[in-house]
Amino acid sequence: WAAHSGAEPDLRIVRNGRRYGIEIKRHDAPSVTHSMRIAFEDLELNGLTVVYPGTQPYKLADRIDVVPVHMLCDDPDALWRTK
């Protein structure tokens, strides 16, 4: 999915009537990007999850959570836990 402004999360999912963006990052310390902020507005996201190769889940910002990719193998609901 892409917004007119060019913001495009890697994946956009609608779950139980709520819109979520999924970003997949290769680096160990993801940060909030301008594109993420625009995606919230233009795509009317309720939350955004950043999947990364690290070891610990954490909150990056309001409605933006970071989840290690290894957690998704054992617990796919980790994408939605803090939403």
| task | Collect the residues in the stretch 39-67 that are among the acidic types (Asp, Glu) and part of a loop (DSSP other than H, G, I, E, B), keeping them in residue-number order. | result | GLU44, ASP62
| field | Test result for PRO53, of a type outside the set (S, T, N, Q) and at pLDDT below 90 | value | no
| said: Which numbered condition in (1) open to solvent by less than 80 Å² (accessible area, probe 1.4 Å); (2) at pLDDT 90 or above is the only one that LEU43 fails? | reply: (2)
| remark: Going through (1) within 21 Å of HIS70 (Cβ to Cβ); (2) of a type in the set (Val, Ile, Thr); (3) assigned to a loop (DSSP other than H, G, I, E, B) one by one, VAL32 fails only at (1)
| request: Quickly run through the stretch 16-26 and pick out the residues that are over 13 Å from the mean Cα position of the chain (by Cα) and either open to solvent by less than 90 Å² (accessible area, probe 1.4 Å) or of a type in the set (Val, Ile, Thr) (or both). | output: GLY17
| query | Of all residues in the stretch 27-40, how many are in contact with a Ser or Thr (Cβ under 6 Å, 6 or more places away or on another chain) and either surrounded by 20 or more Cβ atoms within 10 Å (Cβ to Cβ) or within 19 Å of ASP75 (Cβ to Cβ) (or both)? | reply | 0
| said: Just to be sure I understand, how many residues within the stretch 54-64 are under 20 Å from SER35 (Cβ atoms), open to solvent by 10 Å² or more (accessible area, probe 1.4 Å) and in contact (Cβ under 8 Å) with a residue 12 or more places away in the chain? | reply: 4
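The values are calculated or read from the model by the stated rules, or taken from the named source; none is laboratory data. Source: prediction; values computed, not measured. Please note: Cβ atoms are built from the backbone with ideal geometry, for glycine as well, and neighbour counts cover all protein chains shown. Keep in mind that these areas ignore ligands, DNA and RNA; they rest on the heavy atoms of the full protein, side chains included. Shrake-Rupley method; radii C 1.70, N 1.55, O 1.52, S 1.80 Å.
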